[in-house]
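In what follows, a single structure is set out as structure tokens and then discussed.
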Ligand SMILES: [Zn+2]
């Protein structure tokens with residue numbers, strides 16, 4: 001640990017540097033910049049569709065034409081990247097929509113890359129939004145028990161990743177938490193001549209109650225059981241470091257910790273241990289709790305949002321994925 005060397009009072013008076021906004025800004029150790037924010041967006045088939053997500057005020061399920069408008073507004077405000085989630089018309093037991101050439105996200109990426117070529121498009125890779133049962137992998141019955149089959153799922157994830165790459169995605173972001181998925185995806189991308197395409201792995205993704213409102217937004221709640229057999233237990237920090245190490249060895253270029261606010265110790269340790277580009281995903285309930293309390297007049301939305309996101313940067317996050325990206329761009 002680095003112990004700061006300080007002169008005793010009254011030689012050292014910390015308040016000298018807090019006297020004015022200009023002085024405080026001059027010595028700020030951490031800054032929140034709009035160029036480090038990523039806006040998640042939800043897309044579903046249709047035209048001129050902006051369907052509000054009840055549990056996330058200000059967030060909508062958008063048809064591709066409206067998605068372009070939303071992405072354009074964010075980009076114009078300085079947000080460099082969006083992260084796409086799809087809500088397909090039909091779901092099945094093989095998650096076909098996740099790797100369909102004309103899948104909703106595939107179509108949307110082509111459209112975004114045509115209309116806004118400079119905007120970075122991150123494509124979430126998972127199966128839950130496309131599976132009739134809502135789990136992130138293939139469900140099998142084994143010895144009378146329902147299980148999520150790891151290795152057969154990898155093939156579908158790799159297929160989805162290649163399909164999103166072919167559509168023009170700039171970054172592939174697997175969120176499923178199957179073991180070995182980064183290697184499977186890296187291998188498949190390389191074989192399809194996408195060896196230059198970066199992977200942002202949801203490396204330390206914890207099973208969390210903070211995802212509640214997202215499931216409304218993405219219509220991806222599991223129909224039975226929960227995700228605790230593949231997402232991490234909140235108690236485990238050492239295991240999070242092993243997860244990150246594994247993903248980096250398998251070829252991840254950026255690594256994510258999700259959720260953000262309740263897991264800032266993990267963000268800090270991941271950044272300090274590996275030094276890779278580290279991404280914090282400030283998840284749906286982190287956003288909705290502030291919105292709800294602000295609607296009641298109990299908190300100041302702007303200050304609370306900015307303070308929370310600054311804390312993520314201070315903890316070591318290089319990038320922050322947040323539903324508030326556009327609001328923040330306006331405030332900064
Ligand atoms: Zn999933």
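The values are calculated or read from the model by the stated rules, or taken from the named source; none is laboratory data. None of these values were measured; they are calculated from a predicted model. In this analysis, Cβ positions are derived from the backbone assuming ideal geometry, glycine residues included, and neighbour counts consider all displayed protein chains.
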key: Segments classed as helices (runs of 4 or more DSSP H), wholly inside region 270-332, with at least 2 members that are under 19 Å from residue 120 (Cα atoms)   = 325-331
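For region 224-264, which residues satisfy the criterion of being assigned to a helix (DSSP H, G or I) and surrounded by fewer than 17 Cβ atoms within 10 Å (Cβ to Cβ)? So that I can check it myself, show each step before the final result.
Filtering region 224-264 down to residues assigned to a helix (DSSP H, G or I) leaves 238-250, 261-264.
Those that are assigned to a helix (DSSP H, G or I) and surrounded by fewer than 17 Cβ atoms within 10 Å (Cβ to Cβ): 238, 239, 242, 245, 246, 249, 262.
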task = Give the residue that is nearest to residue 232 (Cα to Cα), with candidates limited to residues of region 168-179 that are more than 11 Å from the ligand (Cβ to nearest atom) and touching a helix residue (DSSP H, G or I) at 6+ places or on another chain (Cβ under 6 Å).
result = 179
ask   = Is there a residue in region 185-194 that is under 24 Å from residue 238 (Cβ atoms), outside any loop (DSSP other than H, G, I, E, B) and at pLDDT 95 or above?
value = no
request  = Take the residues in region 119-159 that are within 11 Å of the ligand (Cβ to nearest atom) and in a helix (DSSP H, G or I), then tell me which one is farthest from residue 86 (Cα to Cα).
outcome  = 153
inquiry  = Condition check: closer than 19 Å to residue 323 by Cα and within 13 Å of the ligand (Cβ to nearest atom). Does residue 78 satisfy that?
reply    = no
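Quick one: is residue 216 assigned to a helix (DSSP H, G or I) and modelled with pLDDT of 95 or more? Steps first, please.
Numbers: assigned to a helix (DSSP H, G or I): yes; modelled with pLDDT of 95 or more: no.
When the stated conditions are applied, residue 216 does not pass them.
Does region 69-80 contain at least one residue that is closer than 23 Å to residue 176 by Cβ and in contact with a strand residue (DSSP E or B) (Cβ under 7 Å, 6 or more places away or on another chain)?
Within region 69-80, none of the residues are closer than 23 Å to residue 176 by Cβ and in contact with a strand residue (DSSP E or B) (Cβ under 7 Å, 6 or more places away or on another chain).
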query = Among all residue pairs at least 6 apart or on different chains, which show Cβ distances below 9 Å where the first residue, located in region 56-74, is modelled with pLDDT under 95 and the second is part of a helix (DSSP H, G or I)?
reply = none
